[in-house]
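Trainee: Just dropping this structure here.
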Amino acid sequence: MKIALFGGSFDPVHNEHIEYIKAAKEALCLDKVIVIPSYLAPHKAFGSVASGGDRLNMCRLALADLDYAEVSDFELSRQEKSYSYITVEHFANLYEGSELYFLVGADMLEDFFTWKNPERILAAATLAACGRGNESAKNTHRRFKERFHCDYTEIPFTGDMTSSTELRVRLAFGKETKGLDARVAEYIKKEQLYHYPEIAPALALEKEERKEHSFRVALMAVARARSLHVSESKALLAAALHDCGKYVPLDSPLLKGFALPDEVPAPVVHQYTGAYLAEHEFGIKDEEILDAIRYHTSGREDMTPLGKLIFLADMLESERSFEGIEELRNAFWRDIDECLLLCFERQNAYLSANQNKGSQIYSLTKRAYNWLKNRIT
């Protein structure tokens, strides 16, 4: 019997997962595919957004038409970090005598060398990965053989780059999600998964182009959040609400009781009104989220990881365009503090060069730059 194990958070399960399973079935002539939602992946600081039960239910709905596929709660029922070697050995014992495969995506293959006890995985199963068919793949095969003295097999499947992370952001913003099975989409809607009630009324205060900007900021911030040990939910909320004060005038009834700090340049005012609205109009009480909104334009001394993330995602989101932005985006994914220092330097240089046009360097930005420069140089 030929069996493949396919683990992951499946938060949510999407159509690319299903197409990969179908491709593996055909390429490996499988009799069974066992899909195993994780409890908590070892490389993630935070758990999944949806509960284990919801992810299990979504997987069962998505796989209902594949009679060779089943969903296992093995990792969820253990309620411990989901180390793959434990899972693979469990199913190897359960299906003793069967030919076992362990399915991974191309991105996971790159990390396989750092996994816990990878040799034990390979002793119990054959690794099967998405085929890429390029020079990088040849190098990975060579590294793999040198390290483990065996090879992995490739499944000819490239997918359409669907991302569960992007789907969660799209769902939070109420956008169309083509990458979901209809039954899964209906389940998500019914159970209100990935839904944040604060977002829609906050976005209602923005112009259409600003809503799209906020969406792109959220995509960028959420994609980087976990690697910085920042809660995805906090990153999403801070990004979605960061500009909610942009078009609200200071005499609006919504800002009754608001007091603006002294000597705030006009382009910076909305960070303060946005934080006030987030707290008093939309019920955000988390001070870390409010702080990230409050200083997303100016920065400040001793910024939190979330504050840095929103400041940078606002400045570098995919539709921004200015000289040197690609260098800054590369730094964003490489080293967040290096990127922040470069952005402060650029911001200060730009404002200094345009002071005769009315631009003004906010004192808070000057202090933020000096704080960071002294901290990392």
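Trainee: Taking just the alpha-carbon atoms of segment 69-113, what radius of gyration and Dmax come out, in angstrom?
Mentor: According to the Cα coordinates of segment 69-113, Rg and Dmax are 11.9, 30 Å.
Trainee: Net charge within 15 Å of His17 by Cβ-Cβ distance, Lys/Arg positive one each and Asp/Glu negative one each, not counting His17 itself?
Mentor: Taking every Cβ under 15 Å from that of His17, the sum is -2.
Trainee: Counting only other residues whose beta carbon sits under 9 Å from that of Leu306, what net charge do I get with K and R as +1, D and E as -1?
Mentor: For residues surrounding Leu306, the net value is 0.
Trainee: Using +1 on the beta carbon of Lys and Arg, -1 on that of Asp and Glu, and nothing else charged, what's the dipole of the chain about the Cα centre, debye to 20?
Mentor: 460 debye
Trainee: Sticking with this one: Putting +1 on Lys and Arg Cβ atoms and -1 on Asp and Glu Cβ atoms, find which of Pro305, Ala239, Ile376 reaches farthest to the positive end of the dipole of segment 237-377.
Mentor: My answer, from the dipole projection, is Ile376.
Trainee: Here is a follow-up. Over the chain, what percent of the accessible surface lies on carbon and sulfur atoms, probe 1.4 Å?
Mentor: Looking at the chain in its full context, I get 47 percent from C and S.
Trainee: Equivalent ellipsoid semi-axes for segment 228-349, as square roots of 5 times the alpha carbon gyration tensor eigenvalues: give them largest first, rounded to whole Å.
Mentor: 25, 16, 12
Trainee: Around His149, what is the net charge, scoring Lys/Arg as +1 and Asp/Glu as -1 over all other residues with Cβ under 13 Å from its Cβ?
Mentor: +1
Trainee: Against the longest principal axis of the chain, how steep is helix 336-353, in degrees 0 to 90 to the nearest 10, with axes from Cα atoms?
Mentor: 30 degrees
Trainee: Enumerate the calculated ³J(HN,Hα) couplings along segment 224-231 in order (Karplus 6.51 cos²θ - 1.76 cosθ + 1.60, θ = phi - 60°), each rounded to whole Hz, writing x wherever the residue is Gly or Pro.
Mentor: Ordered by residue, 3J(HN,Hα) equals 9, 4, 5, 5, 9, 6, 9, 4 Hz.
Trainee: By a straight-distance test (C-alpha under 19 Å), which lysines pair with Lys211 as possible cross-link partners, with residues fewer than eight away in the same chain excluded?
Mentor: In chain and number order, the partners are Lys175, Lys234, Lys246.
Trainee: Now for a separate question. What percent of all Cα-Cα pairs in the chain falls in each 10 Å bin, counting up from 0?
Mentor: Final binned percentages: 5, 21, 27, 22, 15, 8, 2, 0.
Trainee: A further question follows. Place +1 on the Cβ of every Lys and Arg and -1 on the Cβ of every Asp and Glu in the chain, take the dipole about the Cα centre, and give the residue among Leu364, Leu103, Leu228 whose Cα lies farthest towards its positive end.
Mentor: Of Leu364, Leu103, Leu228, it is Leu364.
Trainee: Here's another thing I want to ask about it. Output the peptides 182-191, 162-171 sorted from most to least packed, where packing is the average of other Cβ atoms within 10 Å over each peptide's residues.
Mentor: Highest-to-lowest ranking by the protection proxy: 162-171, 182-191.
Trainee: Where only protein heavy atoms count, and the probe is 1.4 Å, what is the accessible area per residue for the chain in Å²?
Mentor: That works out to 48 Å² per residue.
Trainee: Another question, then. Which of the three applies to segment 174-241, rounded, prolate or oblate, going by the alpha-carbon gyration tensor with a ≥ b ≥ c and a/c under 1.5 meaning rounded?
Mentor: Taking the square roots of the gyration eigenvalues as a ≥ b ≥ c, segment 174-241 is oblate.
Trainee: Tell me the relative contact order for the chain as a rounded percent, counting alpha carbon contacts under 8 Å between residues six or more apart.
Mentor: Relative contact order, the chain: 13 percent.
Trainee: Let me ask something else. Cross-link candidates for Lys22: which aspartates and glutamates have Cα within less than 15 Å, leaving aside residues fewer than 8 places away along the same chain?
Mentor: Asp31, Asp65, Asp67, Glu70, Glu154, Asp160, Asp181
Trainee: Still on this structure, I have one more. How much mean residue ellipticity at 222 nm does the chain get from its helices, if each DSSP H run of length 4 or more adds -39500 (n - 2.57) and you divide by all residues, to the nearest 500 deg cm²/dmol?
Mentor: The per-residue figure over the chain is -15500 deg cm²/dmol.
Trainee: OK, next. Two-decimal Rg/Rh of segment 1-92 from alpha-carbon positions, Kirkwood Rh?
Mentor: 0.95
The values are calculated or read from the model by the stated rules, or taken from the named source; none is laboratory data. The shown structure was predicted, so the numbers you read here are calculated from the model rather than taken from an experiment. FYI the Cβ positions are ideal-geometry reconstructions off the backbone, even for glycines, and counts take in every protein chain you see. Please note that ligands, DNA and RNA were not included when accessible areas were found on the heavy atoms of the full protein model with its side chains. Shrake-Rupley method; radii C 1.70, N 1.55, O 1.52, S 1.80 Å.
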